[in-house]
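Here is the structure we will look at, set down as structure tokens.
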Amino acid sequence: MKEFAILQRIKIIVEAERERIMSRKNRVKVNISGEEFYIKGNSSVEHIKKVAEYVDLILEEITKSYPNLSSRKVALLAALNLTDELFKLEEQYNELLEKYKKLVGKENKEA
């Protein structure tokens, strides 16, 4: 029960932070594949730049590996790679969450 209360508090804090972040917008100039873009978003400037740098890195790696691909196909491969990473991380998160719930359940039964 104690862990559940902690998780509930964390959820409330996260929701409050999300509300605070959603109320402000940042406009950031980034360079992706040699082109300048202005990205407007609720995330911090640092986060937006970090995301843009990562996308640029993925596009660069694919372009180096497949120099004859059109920019459209490079973008599609990048989208597929990034989505694959997201899904794998989501699976890992869910597995860890289940392990955590089982551990917490055992501790509560023993207490």
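No value in this document is a laboratory result; all are computed from the given coordinates. None of these values were measured; they are calculated from a predicted model. Neighbour counts are summed over all protein chains in view; Cβ atoms, including those assigned to glycine, are modelled from backbone coordinates with ideal geometry.
In table form, for the structure just shown:
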read-out: Which label in (1) -0.53, -1.03; (2) -0.82, -1.15; (3) -0.50, -1.23 gives the computed log10 I(q)/I(0) by the Debye sum over Cα atoms at q = 0.14, 0.21 Å⁻¹; value: (2)
read-out: Least to most buried among L77, L82 (fewest other Cβ within 10 Å first); value: L82, L77
read-out: Contact order relative to length of the chain, as percent, for alpha carbon pairs under 8 angstrom and 6 or more apart; value: 17
read-out: Net charge of neighbours whose Cβ lies under 12 Å from the Cβ of G34, counting Lys and Arg as +1 and Asp and Glu as -1; value: -4
read-out: Exposed trypsin sites (Lys or Arg not before Pro) absent: longest stretch of the chain, with sites in DSSP loops and at most 13 other Cβ within 10 Å deemed exposed; value: 26-111
